[in-house]
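A.B. asks: Let me begin by handing over the structure; questions about it come next.
The values are calculated or read from the model by the stated rules, or taken from the named source; none is laboratory data. What you see is a predicted model, and the numbers here were worked out from it, not measured in a lab. For neighbour counting, all protein chains shown are included, and Cβ atoms are generated from backbone atoms with ideal geometry for every residue, glycine included. The accessibility values were calculated without ligands, DNA or RNA, using every heavy atom of the protein model including side chains. Shrake-Rupley method; radii C 1.70, N 1.55, O 1.52, S 1.80 Å.
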Amino acid sequence: SEMAAAGAASAQVAQAAGGGRSAGRDDFPARASAPALMSESGRALSVCGTAISFSKSVARYVHVMQRLPAAAPEAFGGLASLFEVLLLASFHAFWPGARVGSPGWDEGQVAEALAPKLKGSLLRMHHVYVEGSQGAPPPVRAESSLGAGGAGGAAAHSGRGRRETASDDAAAAVGSAARLLVDALHTPAVAARLGPGECIVAAESLRFCAEALRSWRPHVEQALAEATPHSASAQLALVASFYAQAVDSVPHVEAVLEGALMRKTLALGPAVSAVASQRWDIKEVGTAESAYVDRIAAAVDKALAHVALLPLGPDATTRVHAAMVDFVAAQLVEGYASARKCSQEGRAQMSIDVQTLQAHLAQRLDVPVSLERAQVYIKAFYKQPEELLPWAEEHPEFSARQLVALVHVIPAAQLKKKVRVGGRVG
């Protein structure tokens, strides 16, 4: 039911963004090179019907811009809104964290991979489409160009008031559809139904849509320049802003989707629980690695077998393998941070486990394997209390809980020293 609602919302976005106009089959603009449905390696892309429909809609929007110059700014605004809502909805469907704009949505371990540029673009789209904030940076919309000379001259003949009212109605409809899409897609039920295959389809569909927009960009810029000769530079600046903020954010969203694919195939929950329940206040270092090392290696083997069956290209496979390494390192740290007591021998056992696991993963993965993040955290157990604060400032990758855990396992002798040092400072 959620996906049906999302489909209905997509149709509402398309109708509202286009102002109810449709292009005829005749006198279409000069054809841009259509985005290929084959990857560079010759593999067929996994593209959804929505992406194919969108790529066809781009040509229709350009047709409107060329045949109806007075409506060119509004037509481009509708096309930009349609793509941005699609981008925002796709992100929410696979994002395991809090909804964009909510407190702490871009914090925590899962948000580490979010590029700063993507964070800014998503937050702007949320403010504009979901919240309808007037103070937020506006998207590329018709109202951004209504005051321009060319559009203003056309409005004198077509009725500027009616155009502004229609534009406001379209903006309200797009906002309503965006909220419906986000509400329908950002739910635990949808997240549970979307598997690794859907992650691939979403990533390649967004890439396909972005390529369609890039191939038609020269025609969009030409149509806007001819329709608004007195404000052509301002119109082209809006186009450049849209491509820089939205279209160029697609690779960053692909990285989020690949991370979702990795988490859906690599189940480390039981292994991390084993790390957390391990006793680290041992008196002697073991002669072999701990049992959880084999459990993590087995989980990685299972994930690799799953990934090998997916329609992934070589580059995407490499990125997923690299994401697995980072995920394993982060989960090890999460498990070590659950230790209530840790002796010198326990720290040495952690180091042995990490080195052994790193060697196992290097034999299985086709990427350089480094669990340096876990090693750095283990070495912090040897820090003196007064050294922890400067060390924490140098390593923002560790959460507050993980940093507090270091303080809790400091040996009693060091804690007494901390009290003495504090007394002297006071």
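A.B. asks: Restricting attention to the stretch 233-318, which trypsin sites (Lys or Arg not before Pro) occupy a DSSP loop and are surrounded by at most 13 other Cβ atoms within 10 Å?
C.D. replies: R279, K283
A.B. asks: Here's another thing I want to ask about it. Could you tell me what a quarter of the Cα convex hull surface of the stretch 356-411 works out to, in nm² with one decimal place? Mind showing how you got there, number by number?
C.D. replies: Numbers: hull surface 18.8 nm².
Hull-based average projected area comes out at 4.7 nm².
A.B. asks: May I pose another question? I need to check one value: relative contact order of the stretch 218-345, counting alpha carbon pairs closer than 8 Å and at least 6 residues apart, in percent.
C.D. replies: Working: 82 pairs, mean separation 45.6, N = 128.
For the stretch 218-345, the relative contact order is 36 percent.
A.B. asks: Additional query: Could you tell me the largest-minus-smallest coordinate of the C-alpha atoms of the stretch 225-357 on each of the three principal axes, in descending order and whole angstroms?
C.D. replies: 81, 34, 20
A.B. asks: Still on this structure, please answer the following. Using 0.36 nm per residue, how much length does the chain from A298 to A244 gain when fully extended, once their Cα-Cα distance is taken away?
C.D. replies: Extra length from A298 to A244 when fully extended: 15.2 nm.
A.B. asks: Mind giving me the FRET efficiency for S233 and W391? R0 is 60 Å, r the Cβ-Cβ distance, nearest 0.05 is fine.
C.D. replies: Calculated value: 0.75.
A.B. asks: Suppose R0 equals 41 Å. What FRET efficiency, 1/(1 + (r/R0)^6) with r the Cβ-Cβ distance, do E112 and E226 give to the nearest 0.05?
C.D. replies: For E112 and E226, the calculated efficiency is 0.35.
A.B. asks: Accessible area of the stretch 356-407 with a 1.4 Å probe: how many percent of it is carbon plus sulfur? Please report the intermediate quantities before stating the final value.
C.D. replies: Numbers: 1530 of 2760 Å².
Solvent-exposed carbon and sulfur of the stretch 356-407 make up 56 percent of the total.
A.B. asks: If each residue of separation counts as 0.36 nm, what is the full-extension length gain between L123 and A192 once their alpha-carbon separation is subtracted?
C.D. replies: That works out to 22.3 nm of additional length.
A.B. asks: Please report the equivalent ellipsoid semi-axes of the stretch 300-353, computed as sqrt(5 x eigenvalue) of the Cα gyration tensor, largest first, in whole Å.
C.D. replies: On the way: eigenvalues 209, 19, 17 Å².
Computed over the stretch 300-353, the values are 32, 10, 9 Å.
A.B. asks: Report the convex hull volume per residue for the stretch 164-268, counting only C-alpha atoms, in Å³.
C.D. replies: Convex hull of Cα atoms, per residue: 113 Å³.
A.B. asks: Calculated FRET efficiency, V407 and A348, Cβ-Cβ r, R0 22 Å, to nearest 0.05? If you can, show how the numbers build up before the last one.
C.D. replies: Details: r = 20 Å, r/R0 = 0.93.
Plugging the Cβ-Cβ distance into 1/(1 + (r/R0)^6) gives 0.60.
A.B. asks: Taking only the C-alpha atoms, wrap a convex hull around the stretch 223-298 and report its volume per residue in Å³ as a whole number. Show your work: numbers first, answer last.
C.D. replies: Values: hull volume 11.4 nm³, N = 76.
Dividing the Cα hull volume of the stretch 223-298 by its residues yields 151 Å³.
A.B. asks: How far apart, in nanometres, would the label points at K341 and Y382 be if each is projected 7 angstrom from Cα along the Cα-to-Cβ direction?
C.D. replies: Each label point is offset 7 Å from its Cα along the Cβ direction, giving 2.3 nm.
A.B. asks: A further question on this structure: For the stretch 265-315, what is one quarter of the convex hull surface built on the Cα atoms, given in nm²?
C.D. replies: Across all orientations, the stretch 265-315 yields a mean hull projection of 4.8 nm².
A.B. asks: Using the Kirkwood radius over C-alpha pairs as Rh, can you work out the diffusion coefficient of the stretch 302-416 via Stokes-Einstein at 10 °C, viscosity 1.306 mPa s, in µm² per second?
C.D. replies: For these conditions, the coefficient is 102 µm²/s.
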